[in-house]
Amino acid sequence: MILRSAFAVALAAASLSLDVAPPPFEIAVEDAADPWSRADGSGFANDMVRNAFRASGFDVAFRVVPYARCKNMVLSGAVVACFSMSPEPDLRDRVTFPAVPLFECYTTLVQNPARPLGAARLDALPRGTVIGAVLGYEYPREVDEARRAGRIMIETSPSEETLLRKLAARRIAGALINVNASKPLEFIAARARVANGYEAAGRVGTLSSYLGFSRAHPRGAEAVRAYEEGMRRIASNGAAAGVVRDWTDSSRVTIRAFLDSLRKQPP
């Protein structure tokens, strides 16, 4: 009788263990890249990452932090992954970048039309031109080449909204802004409440932005496999396209609301 009861308990425990969900993957996410990732834990990239892991049977726990800290956390193994990252040469041996990026974007050189830069390319700017960039962000190789050649001096800020405010106030000569269809330059201006004092001068280069996985974290390889399988599933079932559509529409709404608020202001 005792043996039979012990067997029943063991069988029940084994059955329960099969039903226990795997622990969520802890992922760091940037707090100031609206609409890709927001301070409140929402965003285009947040939705894409969450949907991909759920499609492969996993949950995620987001830690919203400044991007420089996000990058440091994934490099140290404090979290399993960080987004959104681009594969700079010094990251390739320390971070695993999956086959499919979260999104593609390009870096545009922005100027104040009242004080134009005089060139659309970084390598054609006067030596020592002060250009604003976000602390910790990755940029196309053209940015580092221009910096090393002495063409530009980088002044960092915590966000792209801050860069546009500095540019409108003529505190910097130009700014580097990463944009795409879901995050046009006009959206950043609307978020910064900057109505003028900025315009695109030229395209610097393109970037692929990824969920970067820590090679120092014990669950890093497991997370990569789950994510890539999930991305394949949401690409085929239309969920990924839905995220793109929803956030592109959301950005347009933000831009229209800002322009409407300007029209309602007294002359």
| query | Taking Rh as the Kirkwood radius computed over C-alpha pairs, what is the Stokes-Einstein D of the chain at 10 °C in a medium of viscosity 1.306 mPa s, expressed in µm² per second? | reply | 78 µm²/s
| said: Please compute the Kirkwood hydrodynamic radius of segment 127-267 from all pairs of different C-alpha atoms, in Å with one decimal. | reply: 17.8 Å
| message | Under 5 Å between amide hydrogens, which residues at least 5 positions from ALA81 or on another chain qualify, with H placed 1.01 Å from N in the peptide plane? | response | ALA28, SER214
| request: Name the residues whose placed amide hydrogens come within less than 5 Å of the amide hydrogen of VAL130, ignoring near sequence neighbours (fewer than 5 apart) on the same chain. | output: MET153, ALA173
| Distance between segment 242-258 and segment 174-192 - C-alpha centres, whole angstrom | 13 Å
| If you bin the C-alpha pair distances of segment 104-208 every 10 Å from 0, what whole percents do you get? | 17, 55, 27, 1
| request: Once you have the Kirkwood Rh of segment 37-95 from its Cα pairs, apply Stokes-Einstein at 4 °C and 1.567 mPa s and quote D in µm²/s. | output: 105 µm²/s
| query | When ranked by the protection proxy of mean other Cβ atoms within 10 Å per residue, highest first, what sequence do the peptides 90-102, 188-200 form? | reply | 188-200, 90-102
| note | Expressed in angstrom and rounded, the centroid-to-centroid distance over alpha carbons for segment 110-148 and segment 49-81 is 31 Å
| field | Proxy reagent accessibility, fewest Cβ within 10 Å first, across ILE177, ILE154 | value | ILE154, ILE177
| request: Starting from the Cα of ASP260, step 7 Å along the direction of its Cβ; do the same at GLU145; then give the gap between the two resulting points in nm. | output: 4.5 nm
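Each reported figure results from applying straightforward, stated rules to the coordinates on display, with no laboratory input. These figures come from a predicted structure and were not determined experimentally. Cβ: placed from backbone, ideal geometry, glycine included. Neighbour counts: every protein chain shown.
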